[in-house]
Amino acid sequence: MFDVLIIGGGVSGMSCALVLGSAKNKTFVTDKKIGIFTHQKNSSLQEAIFYNAYGITPGKLGSELLTESTQDLATTYPHITQIPNEKVMKIEGAYPEFTVITNKNSYQTKNIVVGIGSANTFDIEGLMQFIEPHKKALPEKQRIQLKNEDHKVADGIYVIGTLAGWRSQLAIAAGSGAAVATDILTLWNNGVQTHAHDSIR
């Protein structure tokens, strides 16, 4: 049983995983099992190049970021389970016992974070009832989002990045993933507001 499974290994999903990983020494996180589906075939990063993203060397390719981020996560926070090459097809159950079914396996988890982009090809059974038109995209692009309030779709289900209704900017997607990570940390900390920072002190 996972405590949280993140669906999507792009900017928002990886940002969420990194923040959760960085909290590993907090007493309320040490026993938590965290996983991320890093299936990235359809990520918009595959065609991206960055000149306007804070902290990223100008000219950096999005495809390089995808590769480097999974490597960095594995090196820095090896306690987070990476699940590559599996596509999530269906979600069953309700908080705190969900079953996430992929094209290869099924997994049990207490919480789910969905961050796989806002294309109208979204087809995860069990989440289709939450789809609505994207509020910050041009109508002709036919983007969608999941209905949510401050990233929360339903008890135990969170959405991040463009699928949460945010615009397609790397910094926004990263912040969205980090925001949900701190919401989950707060949940695990019995509702006491919390965050995770690294420090050289």
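The values are calculated or read from the model by the stated rules, or taken from the named source; none is laboratory data. A quick note: this is a predicted structure, and the numbers were derived from the prediction, not measured. Here Cβ is always computed from backbone atoms with ideal geometry, including for glycine, and neighbour counts include all displayed protein chains. These accessible areas exclude ligands, DNA and RNA; they are computed on the full protein's heavy atoms, side chains included. Shrake-Rupley method; radii C 1.70, N 1.55, O 1.52, S 1.80 Å.
Say R0 is 22 Å: what FRET efficiency, to the nearest 0.05, do Ile49 and Lys136 get from their beta-carbon distance? Intermediate values should be presented prior to the final figure.
Values: r = 22 Å, r/R0 = 1.02.
My answer for the efficiency is 0.45.
For the chain, modelled as a Gaussian network with Cα springs under 10 Å, which listed residue fluctuates most, Pro96, Pro133, Pro58?
Looking only at Pro96, Pro133, Pro58, the biggest GNM fluctuation is shown by Pro58.
Around Asp31, under 12 Å between beta carbons, what's the net of Lys plus Arg minus Asp minus Glu among the other residues?
Cβ neighbours under 12 Å give a net charge of +3.
Comparing Ala17, Ala178, Ala154, which has the greatest mean-square fluctuation in the GNM of the chain with Cα pairs linked when under 10 Å apart?
Its mean-square fluctuation being the largest, the pick is Ala154.
Looking at the square roots a ≥ b ≥ c of the eigenvalues of the Cα gyration tensor of segment 129-201, which shape do they give, rounded for a/c under 1.5, prolate if a/b is larger than b/c, or oblate? Spell out each step's value before the answer.
Working: a/c = 4.53, a/b = 1.65, b/c = 2.75.
Since a/c reaches 1.5 but b/c is at least a/b, the shape of segment 129-201 is classed as oblate.
What order, most packed first, do the peptides 158-167, 101-110 have when packing is the mean number of other Cβ atoms within 10 Å of each residue?
158-167, 101-110
How far apart, in nanometres, would the label points at His195 and Thr75 be if each is projected 7 angstrom from Cα along the Cα-to-Cβ direction?
About 2.6 nm separates the two model spin labels.
Where only protein heavy atoms count, and the probe is 1.4 Å, what is the accessible area per residue for the chain in Å²?
For the chain, the solvent-accessible area averages 54 Å² per residue.
Return the subset of Lys104/Lys152; Lys60/Lys136; Lys33/Lys90; Lys33/Lys152; Lys90/Lys135; Lys32/Lys141 for which the Cα-Cα distance in this structure is over 31 Å, preserving the input order.
Lys32/Lys141
Could you derive backbone 3J(HN,Hα) for segment 140-155 from the dihedral phi with the Karplus parameters 6.51, -1.76 and 1.60 (θ = phi - 60°), listing whole Hz in sequence and x where the residue is Gly or Pro?
Listing the rounded values in order: 5, 7, 6, 6, 10, 9, 9, 4, 7, 10, 6, 6, 8, 8, 7, 3 Hz.
Label point 7 Å out from Lys90 along Cα-to-Cβ: which residues of segment 105-120 have amide N under 14 Å?
105-107
Could you compute the FRET efficiency for Phe28 and Ile56, with r as their C-beta to C-beta distance and R0 at 30 Å, rounded to 0.05?
With R0 = 30 Å, the Cβ-Cβ based efficiency is 0.40.
So what is the relative contact order for the chain, in percent, with contacts set as C-alpha pairs under 8 Å and at least six apart?
Relative contact order for the chain comes out at 25 percent.
Among 47-54, 32-39, 125-132, how do they line up from the highest to the lowest mean number of other beta-carbon atoms within 10 Å? Write out the running numbers ahead of the final one.
On the way: 47-54: 12.5, 32-39: 22.0, 125-132: 14.2.
Result, highest mean Cβ count within 10 Å first: 32-39, 125-132, 47-54.
Counting only residues 5 or more places away or on other chains, whose amide H sits under 5 Å from the amide H of Gln145 once H atoms are built in the peptide plane?
It is Glu132, His134, by chain and number.
If you rank Asp150, Asp123 by how much accessible surface each has, with a 1.4 Å probe, what is the order from largest down?
Per-residue accessible area, sorted high to low, gives Asp150, Asp123.
Percent of accessible area on the chain owned by carbon and sulfur, 1.4 Å probe?
Carbon-and-sulfur percentage of accessible area, whole number: 50.
Scan around Lys60 for amide H atoms under 5 Å from its own, H built in the peptide plane at 1.01 Å from N, and keep only partners 5 or more places away or cross-chain.
Phe50
Give the long-range amide H neighbours of Val114: residues separated by 5 or more places, or on another chain, with amide H under 5 Å away, using H modelled in the peptide plane at 1.01 Å from N.
The answer is Ile7, Tyr158, Val159, Ile160.
What is the antiparallel percent of DSSP beta bridges lying wholly in the chain, to the nearest 5?
Within the chain, antiparallel bridges account for around 55 percent of the total.
Given that just one value was derived from the coordinates, which of [x] 18.8; [y] 17.7; [z] 16.9 is Kirkwood radius over Cα pairs in Å?
[z]
May I ask for the distance between the Cα centers of segment 97-136 and segment 54-75, given as a whole number of Å?
25
Ile157 accessible area, nearest 10 Å², 1.4 Å probe?
Ile157 exposes around 10 Å² with every protein chain in place.
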